[in-house]
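For reference, the structure discussed in these notes is given below.
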Amino acid sequence: MATHWRYRELALGLKLAGAWIWRFETHEETRDALFPIFADGCCDVVWHGAQGGAQGQVWRTYSLPPTITGLVLPIGPNTRMAGLRLLPGQVHSLFGRSTASIPPQGLVLDDPKWASPETAHLAMAANLNLSQLDLALQSLMAGDGPATTCERFNISARTLRRKVQSMTGCSPKQLQRMWRLRRALFLAGQVECPDWSDTEHQCGYADQAHLNRDSRALMDCTPTDLHHLLKQGQVAVSSNT
């Protein structure tokens, strides 16, 4: 039976503001299910509509806890969501609190700037001010190891670990590991039949078994299964990298 849902991102050049907008919707034929979200340490501010048409819905805004291991969201018929995906650390910068303090049900955001993904992104872009730690996080996400990141930004390993743990809920090594798998899926997603041996080499895996272990540990499925879900729009794995 076909799965009647799809996740897509809007290519609006949002990477500059450390965030990007996504849309998700199901059809009336969709059965109750769980929608997987890739483990990458990001948080999402989500505008979740009630069942029914796209117009006249009551929207509520909240921030999901950081995705440290693969999460799932319950969905059903006529589910419509829009979101602003924040890079690791952005929740701390925006809300002045650690990601660990966000309750499972999320935070209700009443400020007018959170009225929609577009207005929220504009507010972020206007106030973007990357700190040294933000740049260190970007270094980890780009594939640099903790030791290289510490040397580049003159940060002790202890300080880096403490700050990254506070801002993202995971260690520097965990963050690097999640984004390495994310890059592998991004590269594989550019083609219908990926060459996994080439992908693992480009992303710094020792071998395909290494890639498989990380995929199972983070998302409980193989890279091939994740690639299939990604091509079908049935898993939230960002195409922004």
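Read-outs: derived from the displayed coordinates by stated rules, not from any lab. Computed from a prediction, not measured in an experiment: that's the story for all the values here. Positions of Cβ are backbone-derived with ideal geometry, glycine not excepted, and every protein chain shown enters the neighbour counts.
Data for the structure
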{"quantity": "Computed lengthening from ASP32 to ALA217, 0.36 nm per intervening residue step minus Cα-Cα distance", "calculated": "64.0 nm"}
{"quantity": "Fewest-first sequence of LEU226, LEU109 by Cβ atoms within 10 Å of each Cβ", "calculated": "LEU109, LEU226"}
{"quantity": "Cβ-based net charge around PRO36, under 11 Å, with every Lys or Arg adding one and every Asp or Glu removing one", "calculated": "-2"}
{"quantity": "Inter-probe distance in nm under a simple model that places probes 7 Å from Cα toward Cβ, at GLN190 and ARG158", "calculated": "4.3"}
{"quantity": "Gain on full stretching of the segment that runs from SER131 to GLN232 - 0.36 nm per residue minus C-alpha separation", "calculated": "32.7 nm"}
{"quantity": "Positive minus negative residues near GLY143 (Lys, Arg vs Asp, Glu; Cβ under 11 Å)", "calculated": "+3"}
